[in-house]
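The values are calculated or read from the model by the stated rules, or taken from the named source; none is laboratory data. Computed from a predicted structure; not experimentally measured. Please note: Cβ atoms are built from the backbone with ideal geometry, for glycine as well, and neighbour counts cover all protein chains shown.
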Amino acid sequence: MRNKPTFKAYLSAYHNEVTGSRLLVVVEFPDGSTKRVLVDCGYFQEIKYRYLNYVDDLDPKDIDAIVVTHNHIDHTGMLPKFVKNGYTNKIYMTNITQQLCPAFLNDCAAQQRENAQDMKERYPEEAKMFKPLYSAEDVEKTEELIVGLPYRKTVEILPGIKITFFENGHILGAGMILLQCQYKGMKSINFFFTGDYRMKNCFYEVPPFPQWLLDMPLIMVNESTYGNTNSDEIKKCLKANVLESFSKKMDILIGAFAQGRMQELLYFFKCLQDEGLIPEDYIICIDGSLGIKTTEKYKQILEWYNPEKKDFLPKNVIYVTPKQRDAVISDKRPKIIITTSGMLSNGPARTYVPIFLQKPNTMIHLAGYAAEETLARTLLDAKRESIVKIGHNVITKKAIVKTTRECTSHATADEMINDFLKQFNNIVLSIINHGSYENREIFAKRVAEETSAKDVGIIDRDNMYVIYQNAQKDDKYNDIFIKKTPAKLNTQFNRIFNKDAEAKRREKRRKQKANKKKMRNAAKRKRKSEKGKDES
Ligand SMILES: [Zn+2]
Ligand SMILES: [Zn+2]
């Protein structure tokens, strides 16, 4: 019997749900060499996982290359920490993401002190481990390692490993990544990472995939943020809400992320303006230095990427500086203010919200998901005329607060299945990634039932995959064997950070101790009484 050389790839995740995105591909070639590629290097934003930002569970010195899907901090925010801890190889992203990314990493660096302090207050017993993760200097070093690639250009990033970026409507510059592991004489192992995705974007067309990609045997790693939501469940109400506010001359305050949402909202208002729907006396303002910087970058990028859309700003839009903020607030004209942060907890929103929340003639609009412990969540949960605490301020909520999910930059479940996955003819394994535990389970079930994927699984810090390729290049069929194995990355930290589990354990220990004591006392009493019997 011929002894077959093994050609295999391991895929593991260092994240659990929707943020902190980090996927590791370890390729073992038949000649015994090994290469390790990290896909995304994200920052944990979910409160329950934030401690993981401070845990070193992966040695950056072991990584041979990093590829980045898009410029969201939960996919890029740990790059400077990796560089600080000894990563010196290249970081690949699209040439558009390369333009946008440094400003966001610097913004994240500037928040490090405050973030570490917040963690110390949350976990006083572990206070020592929470220090600023990196500085602006580390961001500078990171920038030097970045290689920007155009879409659809295949590049060999390491011997035997090639990547290609494909267009993605999630945000400007986002790329889906085809990662091909190749070895002479053998069939390749091909991963396709969707990253976060959406099929359309108001700033550019997402062209169709080439046929060769649709026919290629793929391990599809698919996000599932909206895995439990269909398009018809998303009500489109933004335009109607805005028009109603115009008719009542109300001020409009909208929270927006610095990249994507802010520019799309500006374009939305430009379209309304072109239709003559914005009353002449309204002023349109944007606030937040990162959002303003990114808006300017959008203009520069669209100039060459899609000139048709480069004039996406409404006429006379005002870029508000911190100095002008008070003047804008007291300006008597009705106004539209688009400000960071998206969930209103940070940035200039901290100034605007306490003031506008007290004004009955204001509509505060949220344009996306409101996470726990954010100001957006507090505002949504509070009834009108009730008391809201914002920092040290105690405020009566008089403004109207509305929200919509129509501005999402993620595909819904039906879009992911019908418009995306069903195009692919040869999905060997579909791995559901990046979504809440519940959404991943629900979406995985749908993918198994509704698509032609041969196998379906989910991935997080508890599950990993080993993919064996046994087929020679001229074999008629693929011979891929897949093993799902436990990764157990979570267990080592549960003890420290899962407070509920710790409390339960403490209670159990207390009960055990009490029981033992009880038994000891009972035994003592028994011995005493027996002794007494003997003596009597
Ligand atoms: Zn994203
Ligand atoms: Zn994401």
For the structure I just gave you, tell me whether Ala174 is small (Gly, Ala, Ser) and within 16 Å of ligand 1 (Cβ to nearest atom).
yes
Would it be correct to say that Ser289 is small (Gly, Ala, Ser) and over 19 Å from Asn106 (Cα atoms)?
no
Tell me, which strands (runs of 3 or more DSSP E) wholly within segment 264-367 include 2 or more residues that are in contact (Cβ under 8 Å) with a residue 60 or more places away in the chain?
335-339, 362-366
May I ask you to verify whether Asp40 is more than 19 Å from Phe192 (Cα to Cα), buried (at least 19 other Cβ atoms within 10 Å of the Cβ), within 14 Å of ligand 1 (Cβ to nearest atom) and not aromatic (Phe, Trp, Tyr)?
no
From (1) at pLDDT below 95; (2) within 16 Å of ligand 1 (Cβ to nearest atom), pick out the condition that doesn't hold for Glu167.
(1)
Is it fair to say Met78 is within 16 Å of ligand 1 (Cβ to nearest atom) and without any contact (Cβ under 8 Å) to a residue 60 or more places away in the chain?
yes
Taking only segment 162-188 into account, find how many residues are within 16 Å of ligand 2 (Cβ to nearest atom) and closer than 19 Å to Ile427 by Cβ.
3
Of those in segment 199-224 that are surrounded by fewer than 23 Cβ atoms within 10 Å (Cβ to Cβ) and of a type in the set (D, E, K, R), the residue nearest to ligand 2 (Cβ to nearest atom) is Lys200
In the list Asn393, Asn361, Asn418, Asn346, which residue meets the criterion of being touching a Pro at 6+ places or on another chain (Cβ under 8 Å) and either surrounded by fewer than 21 Cβ atoms within 10 Å (Cβ to Cβ) or not assigned by TED's automatic domain parsing to the domain that holds Thr294 (or both)?
Asn393
Among the candidates Ser452, Ser436, residue that is touching a residue at least 24 places away in the same chain (Cβ under 8 Å), within 16 Å of ligand 2 (Cβ to nearest atom) and among the small types (Gly, Ala, Ser):
Ser436
Would you please list the contacts, defined by Cβ atoms under 8 Å and residues six or more apart or on different chains, that run from a residue in segment 218-241 that is part of a loop (DSSP other than H, G, I, E, B) to a residue that is within 16 Å of ligand 1 (Cβ to nearest atom) and among the aliphatic types (A, V, I, L, M)?
Ser224/Met416; Thr225/Val18; Tyr226/Ala411; Tyr226/Met416; Gly227/Met416
Tabulated pairs, segment 497-526, first at pLDDT 85 or above, second loosely packed, with under 10 Cβ neighbours inside 10 Å and among the hydroxyl-bearing types (Ser, Thr, Tyr), C-beta under 7 angstrom, 6+ apart or interchain
none
Among the residues of segment 189-198, is there at least one that is within 21 Å of Phe424 (Cβ to Cβ), of a type in the set (Asp, Glu), out of contact with any Cys (no Cβ under 7 Å at 6 or more places or on another chain) and within 15 Å of ligand 1 (Cβ to nearest atom)?
yes
Can Asn3 be described as at pLDDT below 95 and within 19 Å of Ala487 (Cα to Cα)?
no
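Yes/no matrix, rows are residues, columns are (1) of a type in the set (Val, Ile, Thr); (2) within 16 Å of ligand 1 (Cβ to nearest atom); (3) crowded, with 17+ Cβ neighbours inside 10 Å; (4) in the same structural domain as Asn190 (by TED's automatic domain parsing):
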| position | (1), (2), (3), (4) |
| --- | --- |
| Gly435 | no, yes, yes, yes |
| Glu438 | no, no, no, yes |
| Lys445 | no, no, no, yes |
| Ile459 | yes, no, yes, yes |
| Asp462 | no, no, no, yes |
| Val466 | yes, no, no, yes |
| Asp475 | no, no, no, yes |
Out of segment 152-176, which residues are of a type outside the set (Val, Ile, Thr) and either in contact with a helix residue (DSSP H, G or I) (Cβ under 9 Å, 6 or more places away or on another chain) or assigned to a strand (DSSP E or B) (or both)?
Glu156, Leu158, Lys162, Phe165, Phe166, Glu167, Leu172, Gly173, Ala174, Gly175, Met176
Residues of segment 50-95 satisfying the condition of being farther than 15 Å from Thr19 by Cα and among the small types (Gly, Ala, Ser):
Ala65, Gly86
Only one of these is closer than 22 Å to Thr19 by Cα, basic (Lys, Arg) and either in the same structural domain as Leu214 (by TED's automatic domain parsing) or in a loop (DSSP other than H, G, I, E, B) (or both): Arg405, Arg377. Name it.
Arg405
In this structure, does Val55 turn out to be out of contact with any helix residue (DSSP H, G or I) (no Cβ under 7 Å at 6 or more places or on another chain), under 25 Å from Ile146 (Cα atoms) and assigned by TED's automatic domain parsing to the domain that holds Asp475?
no
Could you pull out the residue among Leu253, Leu265, Leu277, Leu238 that is within 23 Å of the chain's Cα centre (by Cα), modelled with pLDDT of 95 or more and away from ligand 1 (no atom under 16 Å from the Cβ)?
Leu265
In segment 49-75, residue nearest to ligand 1 (Cβ to nearest atom) [restricted to those that are touching a His at 6+ places or on another chain (Cβ under 8 Å) and without any contact (Cβ under 8 Å) to a residue 60 or more places away in the chain]:
Val68
